[in-house]
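The values are calculated or read from the model by the stated rules, or taken from the named source; none is laboratory data. All figures in this text were calculated on a predicted structure; none of them were measured in a lab. Neighbour counts are summed over all protein chains in view; Cβ atoms, including those assigned to glycine, are modelled from backbone coordinates with ideal geometry.
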Amino acid sequence: MSRSNLAIFSLILLAATPVGAQAPRPSINSVDAAQKRTNAAICAKADADADSYRPFVCDPRCDCLAPFLLQIAPTACDESSPGVFDVAATGAPTCSNGFCLGVGGNFCTPGFGGCFPGQQCVTTCVFGFCTSRCALPCTDNALCPPIPGPTARLSGVSAPDSPNALECTLLLNSFFNTTATTEKINSNDALECIEQVEATLPCD
């Protein structure tokens, strides 16, 4: 072999050596699978810690409105201002046993007032135990207001995959009791809540 041919062969061998020594590049599928495993671990950790704010890489779900949506179908949804959605559910006006359901309910003392105008202080006794509460008298359903139900507000709703923390406020009320909670949630979970509400009625 001539000296020139030997030099050319040596250059080719040197050029090929680094390529052959390189590790195989990971495929797109393997990188995607690794990312999915990482995301699953992150979401599992958030669930284990009972975090209301879940990373936006997690599958969206509407935990904060679940007590509302499982209790009653919403009857109103309004975007009261940009990024602020108010959701409410009310029952049909109902006159029962001469009084409007869902009106009054606060304790009172017969003969001493304490009720809103138009309401009466009504005493009921069960097994010798008596209580007095305000009630609105009626003769027909048309004379009663809608029965109040749960309400909710999503504040700061933004675009999908936003890292911003939004507020979900839930107000559950009954004739005698009201409970309110506020949680921080991510944008994808908020949009999932709106989607679930709009499965029943549009948000104006």
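Before we move on, is GLU192 buried (at least 16 other Cβ atoms within 10 Å of the Cβ), in the same structural domain as THR75 (by TED's automatic domain parsing) and outside any strand (DSSP E or B)? For GLU192, the condition - buried (at least 16 other Cβ atoms within 10 Å of the Cβ), in the same structural domain as THR75 (by TED's automatic domain parsing) and outside any strand (DSSP E or B) - is met.
Scoring PHE56 on the criteria (1) in contact with an Asp or Glu (Cβ under 8 Å, 6 or more places away or on another chain); (2) part of a loop (DSSP other than H, G, I, E, B); (3) at pLDDT 90 or above leaves a single failure, condition (3). For SER80, only one of the following conditions fails: (1) closer than 30 Å to GLU198 by Cβ; (2) surrounded by 15 or more Cβ atoms within 10 Å (Cβ to Cβ); (3) touching a Lys or Arg at 6+ places or on another chain (Cβ under 9 Å). What is its number? Unmet condition: (2).
Scanning the range 127-144 for residues that are of a type outside the set (Val, Ile, Thr), surrounded by fewer than 16 Cβ atoms within 10 Å (Cβ to Cβ) and either in a strand (DSSP E or B) or in contact with a strand residue (DSSP E or B) (Cβ under 7 Å, 6 or more places away or on another chain) (or both) gives PHE129, CYS130, PRO137, ASP140, ASN141, LEU143.
Considering the range 68-123 alone, what residues qualify as being in contact (Cβ under 8 Å) with a residue 24 or more places away in the chain, over 30 Å from GLY156 (Cβ atoms) and of a type in the set (Gly, Ala, Ser)?
Let us first name the residues in the range 68-123 that are in contact (Cβ under 8 Å) with a residue 24 or more places away in the chain, namely 68-69, 71-79, 83-95, 98-108.
Still in the running and over 30 Å from GLY156 (Cβ atoms): 92-95, 98-108.
Scanning the range 68-123 gives ALA92, GLY98, GLY102, GLY104, GLY105.
Out of the residues in the range 145-189 meeting the condition of being part of a strand (DSSP E or B) and of a type in the set (Ser, Thr, Tyr), tell me which one is modelled with the lowest pLDDT. Before you say what the answer is, go through the steps one by one.
Residues of the range 145-189 that are part of a strand (DSSP E or B), as a first pass: 147, 151-155, 166-173, 178-185.
So of that shortlist, the ones also of a type in the set (Ser, Thr, Tyr) come out as 151, 155, 169, 178-179, 181-182.
Numbers: THR151: 91, SER155: 96, THR169: 94, THR178: 71, THR179: 80, THR181: 90, THR182: 93.
Top of the filtered list is THR178.
Scan the range 70-80 for residues that are in contact with a strand residue (DSSP E or B) (Cβ under 9 Å, 6 or more places away or on another chain) and either at pLDDT below 90 or outside any loop (DSSP other than H, G, I, E, B) (or both) and report the count.
7
Please find, among ALA180, ALA135, ALA159, ALA152, the residue that is free of Cβ contacts under 8 Å to residues at least 12 places away in the same chain and not basic (Lys, Arg). Before you say what the answer is, go through the steps one by one.
Numbers: ALA135 fails: free of Cβ contacts under 8 Å to residues at least 12 places away in the same chain; ALA159 fails: free of Cβ contacts under 8 Å to residues at least 12 places away in the same chain; ALA152 fails: free of Cβ contacts under 8 Å to residues at least 12 places away in the same chain.
One residue alone meets the criteria, ALA180.
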